[in-house]
1. Is there a quick way to get the dipole size of segment 2-81? I mean about its Cα centre, with the Cβ of Lys and Arg at +1 and of Asp and Glu at -1; what is the value in debye to the nearest 20?
2. Loop only by DSSP, 14 or fewer other Cβ within 10 Å of the Cβ. Give me the trypsin sites (Lys or Arg not before Pro) in segment 30-74 that pass, ordered by residue number.
3. Roughly speaking, what is the stretch gain from L69 to A6, that is 0.36 nm per residue apart minus the C-alpha to C-alpha distance, in nm to one decimal?
4. Rounded, prolate or oblate: pick one for segment 2-81, where a ≥ b ≥ c are the square roots of the eigenvalues of its C-alpha gyration tensor, a/c under 1.5 means rounded, and failing that, prolate if a/b is larger than b/c, else oblate.
5. What distance in nm separates the simple spin-label points at R17 and W41, each placed 7 Å from Cα in the Cβ direction?
6. What FRET efficiency comes out for the pair I94/K134, r = Cβ-Cβ distance, R0 = 30 Å, nearest 0.05?
7. What GluC sites (Glu not before Pro) does segment 1-108 have in DSSP loop regions with at most 16 other beta carbons within 10 Å?
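Readers should treat all values here as calculations from the given coordinates under stated rules, not as data from a laboratory. On a predicted model such as this, the values are computed, not experimentally measured, just so you know. In this analysis, Cβ positions are derived from the backbone assuming ideal geometry, glycine residues included, and neighbour counts consider all displayed protein chains.
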Amino acid sequence: MPARIAAGRVFLVDLSRTGVRVAHQGAVPAIGQVCRLEFNWHERAVVLDCRVMRNELVKLAKSDSEKSLYHAGMHIEQAHGDSEATLRELIADIVARALDEQKANARGIPAEAAQVFQTSKGTNYLRCELVDGKWRRSATTRPDQPQNGFTVSADEDREQIDTLCETFANTDVQGQKLIRTMAELSISRAEGVPTRRYKP
């Protein structure tokens, strides 16, 4: 996704709620400095103040007519306006599409748009952990995601939880990461976040 730092053009490579990685050709300031990263998603502006944490050479220029390519990792220091909400929706959208594609690939059919729903967070959660091949479910007030499982709202539909457990146990590491990310997004704010219900 194209983005800007000052007048310089960069491309978003990785994106999370706390940090970004961009590809650039010299548009990023020195490590330790703060810069403003701007991009648009669905005609909504995202403006983030980011601190440069690392900057690595990826491809060295082979001639004077070329520019070297770098990847810079940056920590999000501050989100302006509605940028935080837009960022969360963007991540949820990408995760949902990735899950759709996994499902479609497994069935040999075109990817479908998943059903949109709004979760209610509250303060009660259900922690599902896969231990020695068996699922351990426990009520908790902590929203953190376990390494080998996921945490969702205690109000989540039990049939949906059963389906997520089955899918988590039978998918690869990337699929498990996607499920954890979607679960985290669904409970990370008091009013919930628009996410997409995954039906494997």
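1. 80
2. Here the sparse-neighbourhood loop sites are K62, K67.
3. Full extension of this stretch gives 20.9 nm more.
4. Here segment 2-81 falls in the prolate category.
5. The answer from the label model is 1.3 nm.
6. 0.40
7. Filter output for segment 1-108: E43, E66.
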